[in-house]
Amino acid sequence: MFEIGHDQAAGLRAQTPVTGAALMPVTSPTQPARAYEWLCTLAAHLTAMGREVVIIDGSAPEASARHERDGAHLGLLHTLRDGSIAGLGAAPEGHEWLVMPAAQGLQLLQQTAQAAGPGVALSRLLSPFSADALVLLFATAPVLGTLLGGLSARALVPVLPQTQATLDAYGALKQLHQAGLSPVLAPLDTDAEPPLALQPVVDSVADCAERHLGLSVPVWPTHTWGLRVLDSALSRHQTPVRRLADRAAAADQPLWS
């Protein structure tokens, strides 16, 4: 279902230097649970490329207390309050990747961003994670804008096969753009029968962005997500993590739409 049979970086993984934990913002739709397959697809692509995937779920609140120290019941708020937590990234036993509830932790980080700037908030968010961790920050567009606004970061806007898709995607795109982020439309390919055509949704949202915001928005097809996320993710130094070797390997595929 998640189309991970091909490894997009098989010959280059050993050549690609580890540059530390990195983050990719992902916009949560109105109904966050509907983006689960989308998140799993992206996480599977990144795992196949050798990264330890962490999903920080801004739609889920943290537990009031921690019960284990292996990350299985760890929330973002716990890592922010306990500076001794470090090296996170490996999936707990029986799981494919580490998923952390983060609603309260993100509220705290937004306060940090407003008081000290988004770069400080980003560094604080990534500090508990290992050098191999690729953090997918799943939160609403207003939260992402408050936390990361001004960093000129890419932010993924899922385009899902649901009735609210056009309104969700355009609303998120507009809010991200106004916050100083660079939104990207990411439609999810599915194996549904009959096929669920997302192209009209993508075209409608892109057209509205061009006419009303003066914004030419990129579109990333599903099979290119892994390479493009590695190329555009934010490091603790507030700059995109560039993957020149990976881009060369995909030279036969246009990266930017």
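Within segment 62-79, residues that are of a type in the set (Ser, Thr, Tyr) reach partners that are modelled with pLDDT of 70 or more with beta carbons closer than 7 Å, at six or more positions or on different chains, in the pairs Thr79/Ile85; Thr79/Pro128. For segment 82-101, the condition holds for at least one residue, the condition being that it is in contact (Cβ under 8 Å) with a residue 24 or more places away in the chain, on the phi > 0 side of the Ramachandran plot and surrounded by fewer than 22 Cβ atoms within 10 Å (Cβ to Cβ).
Here's a check for you: in segment 105-118, which residue that is more than 18 Å from Gly75 (Cα to Cα) and over 17 Å from the mean Cα position of the chain (by Cα) is surrounded by the most Cβ atoms within 10 Å (Cβ to Cβ)? By that ranking, first place goes to Ala113. Among residues of segment 213-231 that are in a helix (DSSP H, G or I), those with a Cβ under 6 angstrom from a residue that is of a type in the set (Phe, Trp, Tyr), sequence gap 6+ or separate chain, pair up as Arg228/Trp220. Is it fair to say Ile55 is modelled with pLDDT of 90 or more, touching a His at 6+ places or on another chain (Cβ under 9 Å) and either part of a loop (DSSP other than H, G, I, E, B) or not basic (Lys, Arg) (or both)? Judged against the criteria, Ile55 is not a match. Here the condition is being surrounded by fewer than 18 Cβ atoms within 10 Å (Cβ to Cβ), at pLDDT 95 or above and under 22 Å from Ala206 (Cα atoms); of Ser182, Ser152, it holds for Ser182 alone. Given the criteria touching a Pro at 6+ places or on another chain (Cβ under 6 Å) and within 23 Å of Leu188 (Cα to Cα), does Ala165 qualify? When the stated conditions are applied, Ala165 does not pass them. Summed over segment 129-168, the residues that are under 16 Å from Gly105 (Cα atoms) and of a type in the set (S, T, N, Q) give a count of 2.
The residue pairs whose first member lies in segment 117-143 and is farther than 17 Å from Thr27 by Cβ and at pLDDT below 95, whose second member is buried (at least 19 other Cβ atoms within 10 Å of the Cβ) and among the basic types (Lys, Arg), and whose beta carbons are closer than 7 Å, counting only pairs six or more residues apart or on different chains, are Asp132/Arg51.
Selection of segment 110-138 for residues being closer than 29 Å to Tyr170 by Cβ and either aromatic (Phe, Trp, Tyr) or touching an Asp or Glu at 6+ places or on another chain (Cβ under 8 Å) (or both) yields Leu134, Phe138.
The values are calculated or read from the model by the stated rules, or taken from the named source; none is laboratory data. If you're wondering where the values come from, they're calculated on a predicted model, not measured in any experiment. Using ideal geometry, Cβ is built from the backbone for each residue, glycine included, and neighbour counts are taken over all protein chains shown.
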